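Novice: Provided herewith is a single structure, encoded as structure tokens, for subsequent inquiry.
Nothing in this text is a laboratory measurement; each read-out follows from the coordinates by a stated rule. Worth saying up front: this structure is predicted, and the values here are computed from it rather than measured.
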Amino acid sequence: MATVVSTPYQNEERRFALRMALRLPIVVSGRSDDGAAWSEPTETDDISTAGALFHLNQKVSIGEKLYIRAHRPDGSPTEATATVVRLSPAIYGTARVGVQIAEPAENWTRLFVSWVADEQAAAPGES
């Protein structure tokens, strides 16, 4: 049974996606206001079947489209387009950025499932 956690955000949509705390290296790319392309390596704070949360130095806006590259545990690359849905200040001038995967959603779901399976396989050997 899933646990429901209430938040102070009355207008925030309810999130039903499976979520996992995972420091996954990713590269986030986009375009600045003047049209210049940028790319920034970072890592996720968590990922879900529908998106991710990570820190960025680059300024982004709600609704902005970003391009995310990551790798599955076996090293195979995954790429997806995402939309910024949450922003909050973080340490040292970075922003915590929450994105929802736009397309191809099945690529991101496979990435999430592969990391969950990898974590589950590693768990029995841990002491």
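Novice: Got a sec to turn the phi values of the stretch 99-109 into Karplus ³J(HN,Hα) couplings, 6.51 cos²θ - 1.76 cosθ + 1.60 with θ = phi - 60°, whole Hz, x for Gly and Pro?
Specialist: Taking θ as phi minus 60°, the curve returns 10, 10, 5, 8, 7, x, 4, 5, 4, 5, 4 Hz for the stretch 99-109.
Novice: Near the amide H of ARG86, under 5 Å away, which other amide H atoms are found, from residues 5 or more places off or on another chain, if H is placed in the peptide plane?
Specialist: Placed amide hydrogens put GLY98 under 5 Å from ARG86.
Novice: Then there is this: Given that compact globular proteins tend to follow 2.2 N^0.38 Å, what is the ratio of the alpha-carbon Rg of the stretch 36-127 to that value?
Specialist: In units of the 2.2 N^0.38 Å rule of thumb, it is 1.15.
Novice: Further question on the same structure: What does the extension gain come out to for LEU18 and ASN57, with contour length at 0.36 nm per residue minus their alpha carbon separation?
Specialist: Working it through step by step, the gained length comes to 11.4 nm.
Novice: Still on this structure, please answer the following. On full extension of the chain, what length is gained from HIS71 through ALA36, given 0.36 nm per residue of separation minus the C-alpha to C-alpha distance?
Specialist: 10.0 nm
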